[in-house]
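Let me begin by presenting the structure, written as structure tokens, before commenting on it.
The values are calculated or read from the model by the stated rules, or taken from the named source; none is laboratory data. The structure displayed is predicted, hence computed values, not measured ones. Cβ atoms come from the backbone with ideal geometry, glycine included; neighbour counts cover every protein chain shown.
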Amino acid sequence: MVMYRCCGDGCVANAHPSDMTVCAIALSDWASLARFDQIAKRLCDLQREEYSIEVELQQLLTDLKFTAYRQVFKAFGFGIRLESIILSQIYPVENYFGADGKPEVRIRS
């Protein structure tokens, strides 16, 4: 919990009640602190969303169709985010093979 101490022309977060320098804080400083507080809250919201996405990715990656891919990724020490990004681009890898089962190279012109 953030405690603010306000005097005349400004406020300070987490101020100690005996801190008399609080009264010298200008109103513009209060606005800066308020903006900082808004940004900090946004960062916390983003971290919660990020965690939620990672939990969902972990669940999706448990699908058996990704087992072989994940074994290779694990050998290289990839994390969940990198695994997910790579899988989103290459799955199924068979799409990159020709009729003979060998990798097909396509040259764009």
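Within the set of pairs 6+ apart or on separate chains, which have a first residue in the range 32-50 that is over 27 Å from ILE80 (Cβ atoms) and small (Gly, Ala, Ser), a second that is at pLDDT below 90 and outside any helix (DSSP H, G or I), and C-beta atoms under 9 Å apart?
Note: pairs meeting the criteria are ALA34/CYS11.
Hey, among LEU46, LEU33, which residue is of a type outside the set (S, T, N, Q), at pLDDT below 80, within 34 Å of the chain's Cα centre (by Cα) and surrounded by 10 or more Cβ atoms within 10 Å (Cβ to Cβ)? Reasoning before the result, please.
Values: LEU46 fails: at pLDDT below 80.
Being of a type outside the set (S, T, N, Q), at pLDDT below 80, within 34 Å of the chain's Cα centre (by Cα) and surrounded by 10 or more Cβ atoms within 10 Å (Cβ to Cβ) holds for just one of LEU46, LEU33, which is LEU33.
Could you list all residues from the range 48-78 that are closer than 16 Å to GLN89 by Cα and in a loop (DSSP other than H, G, I, E, B)?
Listed by number, the list holds a single entry, PHE78.
Exactly one condition in (1) surrounded by 11 or more Cβ atoms within 10 Å (Cβ to Cβ); (2) modelled with pLDDT of 90 or more; (3) farther than 28 Å from VAL105 by Cα is false for ILE86; which is it?
(3)
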